[in-house]
Amino acid sequence: MAHCTGSQPLATPLYFPPNAFSATPTSRNHPPVTNDRRKRGKQSAEAAAHTRQEIITAATECFSRQGYEATTLRGIAQATGLTHGSLRHHFGSKLDIWRAVADTVLEHYQSHMLPILQDATQMETPLQAFKQVVESFIRVSYSDPMLARLLMGETATDNERADYVRANFLSLHTPIGLLFERAREQCPWLNQHTNDTFFLALLSLTFFPLIVPGVQQLLDKQPGKAPQQQVERIMGILFGPVHSGP
């Protein structure tokens, strides 16, 4: 077996071309990225994002009005003026589009509710803070009934989509639940509820009239109430006549 006995001088010196060890490939094989190419890439990304948003907007209305099962990719494509293939290019499947829509709806609620939940900790009493959070939830729902209809349509089912909504909605339900437990000590009317049953009552009173307008006429002696009156009615049911005010 041969063994290394020492360094031997090379007969011919090694030669390495310029940039042989450079981290950046030579421009001969990889042309540099010019400002024009960067600009085109940015415009392409912006166009893709714009198209995705158009699809989400159209799909939100389709899912809200028709439900998931009755909505088709072709129907969404017609609503956006895009091709069936373009929808699949951007999202892949109808379920992928629905998830993007659900994320948009949940982000809408979270963007409005999370700051209010944070501010609620500064209020004088837990009951006052809890009422502020509940009233804000009702107002957010009435501000865009289409989103409320879509959300309620899925929470009433028992499938993968419903699980997705519930799992993501926990980011709101959990902190609201902590406030509920503290508020119940100051409002005996709330003792008839647990955290979960109160949340279901809140969803039902808020969403059902938005989903089925005829229900509102059965509940109200004065149909066609303004949103502020609707908020006051729901707050009165949830907190009792004594605690329905500020």
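Just so you know, all these numbers are worked out from the coordinates, no wet-lab data involved. None of these values were measured; they are calculated from a predicted model. Reconstructed Cβ throughout: ideal geometry from the backbone, glycine too, with neighbour counts over all protein chains shown.
At a glance:
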quantity	calculated
Inter-label distance for ILE116 and ARG139, nm, one decimal - labels placed 7 Å from Cα along Cα-to-Cβ	0.7 nm
Ranked MET123, MET152, criterion: other C-beta atoms within 10 Å, fewest first	MET123, MET152
Residue order, fewest to most beta carbons within 10 Å, for TRP189, TRP98	TRP189, TRP98
Per-residue Cβ neighbour rank within 10 angstrom, fewest leading, THR206, THR194	THR194, THR206
Stretchable slack from GLN66 to THR104, in nm (0.36 nm times residue separation minus alpha-carbon distance)	11.9 nm
Nitroxide proxy distance, nm - points 7 Å out along Cα→Cβ at ARG52 and GLN229	4.4 nm
